[in-house]
1. Please specify each residue of segment 441-463 satisfying the condition of being of a type outside the set (Lys, Arg), open to solvent by 10 Å² or more (accessible area, probe 1.4 Å), in contact (Cβ under 8 Å) with a residue 40 or more places away in the chain and under 23 Å from residue 110 (Cβ atoms).
2. Given (1) surrounded by fewer than 19 Cβ atoms within 10 Å (Cβ to Cβ); (2) touching a residue at least 60 places away in the same chain (Cβ under 8 Å), where does residue 433 come up short, assuming only one miss?
3. Take the conditions of a type in the set (D, E, K, R) and either open to solvent by less than 50 Å² (accessible area, probe 1.4 Å) or under 25 Å from residue 56 (Cβ atoms) (or both) and apply them to residue 611. Does it pass?
4. Where residues in segment 388-401 are more than 15 Å from residue 440 (Cβ to Cβ) and touching a Ser or Thr at 6+ places or on another chain (Cβ under 8 Å), which of them is most open to solvent (accessible area, probe 1.4 Å)?
5. Can you find, within segment 504-523, the residue that is farthest from the chain's Cα centre (by Cα) among those that are open to solvent by 10 Å² or more (accessible area, probe 1.4 Å) and among the hydrophobic types (A, V, I, L, M, F, W, C)?
6. Within segment 75-88, work out how many residues are among the aliphatic types (A, V, I, L, M), open to solvent by 10 Å² or more (accessible area, probe 1.4 Å) and more than 14 Å from residue 164 (Cβ to Cβ).
7. Considering only residues of segment 656-671 that are charged (D, E, K, R) and part of a loop (DSSP other than H, G, I, E, B), which is least open to solvent (accessible area, probe 1.4 Å)?
Amino acid sequence: MTTAAQSRRFLRGTTSLIVLALSAGALHAQEGDDGFLGTLVLGESKRKVQTDTAVPVTVVDQEEIDDRQAGTVAELIDSVPGVSLVNGSTPQGSGINIRGYGANGTFGTDQKVAVQVDGASVGSERLYRIGTQLFTDPFLYKSVSVIRGTVGSFEYGSGIIGGVVKLETKDASDLTGGEIGVALAQTLEFTSNGDGITSSTVLAWQPTQDLEFLANYVWRDQDNQTDGSGNTIGNSAFTLPSGLIKAKYTFGDDREHSLTFSLARTTSSERDVPYDTFTTTADSFGNVDRDTDSTTAVLTYNFNPLDNDLVDFDIVLSYADQQIDQRYVPGSSPLEGTPSSAGILGLANADHRYETYKLAFKNTSLFTTGMVEHDLRTGLELMRRERLDASSAPGGTDKRIALYAVDDMQIGSAWTITPALRYEFSRIEGSTAPNDGTYDKDALMGGLSMRYAFGNGLAVFGSAAYTAGLPNIDDLGTTAFVTQAEKSHTYELGASYQRNDTFVSGDVIAFKATAYRTTLRDVTSYTIAGARPPAPALDKIETEGLEIEASYAMESGLYVDLNANIVNGTEYAPGGASDTWRNLPADSLRVTLGRKFGEELDLSWEVVANDSITTDSGSSSGFGYHNLRATYVPQSGFLKDTQIRVGIENLFDRDYTPHLSTRPAPGRNVKLTLSRTF
């Protein structure tokens, strides 16, 4: 039996067991339906499982953001099933991989994972040996949502197979509570591994009920870290200042209008560091001095009249700009002076800049037709992306127009049926040879999800989705790819269960499992491994997996969170030859056991385990490590309104390298965070 066949058999068996177990729980629950809390939002656990939707989505809220003490945005979401990081502990040379797509050890992205900040499209370009370039700071954000797969992605883009990462910046009213006045929040964080220090200062001012301002400045500094064996992890030091200003004005007789403006900027200056951001020491590419400047600006107008449920209208104008300036350090490459030096110097001295302008018109309508209640979201997007030409990345312009409609149709209390459509037209224009012409392409894509709730906490759901990855600026480098769209189908099947008073009075349990299978055809982003350029593209890629999220909380404060990911994948070359998918993440399990003592103290122990894995690109050993966290929030006295957090990551100093990463993980790291709101 092949590995793929074994995986399919395992997924079918596991899914059947889940459905049977939930069905048994539902039969037991029918004896006392009064215990069901409907779409209850769990409040006693760290992770709130989204059981009321068929979309595989995980939301990391402000409480969990604070609790995780993350040093990068990637570390905020590494606990989400299906998410794997590439060198996630540093902003440079890191990336986000979802369901086997996204970042890898060669490029920061394959354009199949979308990242948005307040609606602006950000993230990365496909730059050789330069990571995701998601330079920003976790302290700027109050929530992060991760949508896995395609079915929930049609409002955010085309060609999305891995998923969508949505970040939402803080608002002044988060600190003022919507009351007139001034609030100041100061946070200091210290980390032992790398002697890290971070300061975050947030000033919120609300002069009237209708006007609010926020300013947030974060300064984060870290030296080189060490791994579990005490060896220095080269190229892991960084200094990252970040800033955010945000303002909101609400107006109109019934406060039905609002204008919101946000501007975020992060800079990084590195000196005499390896050009290859994925490595720990200089290699044949040599060293560079690199300056990175990342800016995102968003202006949003909202009109939401109280007496008209058909209108909740947004106009969002966004601008994202990232500039990477590089200068080769003379004498740092052993190939300097050889015939290969021209290519090396071309890479190392290349300056990159890409700017994305987007204008979006969106509306949400609530209405009823017969027995069907509709939550209809429609939109029109106009986007223009410009990129400089460089030796490692072709330059050009990518213009797009997109229309989409997503309708959540509620039929009674049981059925939710959601059809989604997206039409997108693209025009890419190259600035240099070989493809300095103009190329047009369009595609219609969409999906359908269905969810049935039994009324006792149990629900089952399924979906089918099709998306097309239209040619982009990266495809201008290959003649065969500029007119070809990648095509993907994804099918999902799952079940969820949510109920209180299940085992003891006052407890709450939530569970969600999603099995999926994805096929990518007409591949342009990946070529046959090991073949010299111009290598033929793969024929197709198949991935399948099972994602599990579970949470259990008791009235006493005891809670358990569980996240698991089991995945398999195969890549096929022309002619039928196959191998394990090169970007396949390892199977993983994460369990957190904790207890809350009222609002004052929260203690937790987290265990993370990854299975061993072998692919054509290499092997990785399995590993397990432990994290301890404690949060103390005094409810009285002079420390009232102060939050004290202590975390110990990799408690036993385990030496390991996560699969897909190119650098070893940090060893034991003690973190202390002090935060106070005035």
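The values are calculated or read from the model by the stated rules, or taken from the named source; none is laboratory data. In this text the structure is predicted, and so the values were computed from the model without any measurement. Here the Cβ positions follow ideal geometry from the backbone for every residue, glycine too, while neighbour counts run over all protein chains shown. SASA here: full protein model, heavy atoms, side chains in, ligands and nucleic acids out. Shrake-Rupley method; radii C 1.70, N 1.55, O 1.52, S 1.80 Å.
1. Matches in segment 441-463: 443, 446, 447, 463.
2. Condition not satisfied by residue 433: (2).
3. It is true that residue 611 is of a type in the set (D, E, K, R) and either open to solvent by less than 50 Å² (accessible area, probe 1.4 Å) or under 25 Å from residue 56 (Cβ atoms) (or both).
4. 389
5. 504
6. We begin by selecting, within segment 75-88, every residue among the aliphatic types (A, V, I, L, M); these are 76-77, 80, 83, 85-86.
Filter once more, so that each one left must be open to solvent by 10 Å² or more (accessible area, probe 1.4 Å): 83, 85.
From what is left, the residues that are more than 14 Å from residue 164 (Cβ to Cβ) are 85.
Within segment 75-88, residues that are among the aliphatic types (A, V, I, L, M), open to solvent by 10 Å² or more (accessible area, probe 1.4 Å) and more than 14 Å from residue 164 (Cβ to Cβ) number 1.
7. Restricting to residues being charged (D, E, K, R) and part of a loop (DSSP other than H, G, I, E, B), the top hit is 663.
Conditions tested, residue by residue: (1) among the basic types (Lys, Arg); (2) open to solvent by 60 Å² or more (accessible area, probe 1.4 Å).
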position	(1), (2)
578	no, yes
582	yes, no
599	no, yes
616	no, yes
645	yes, no
673	no, no
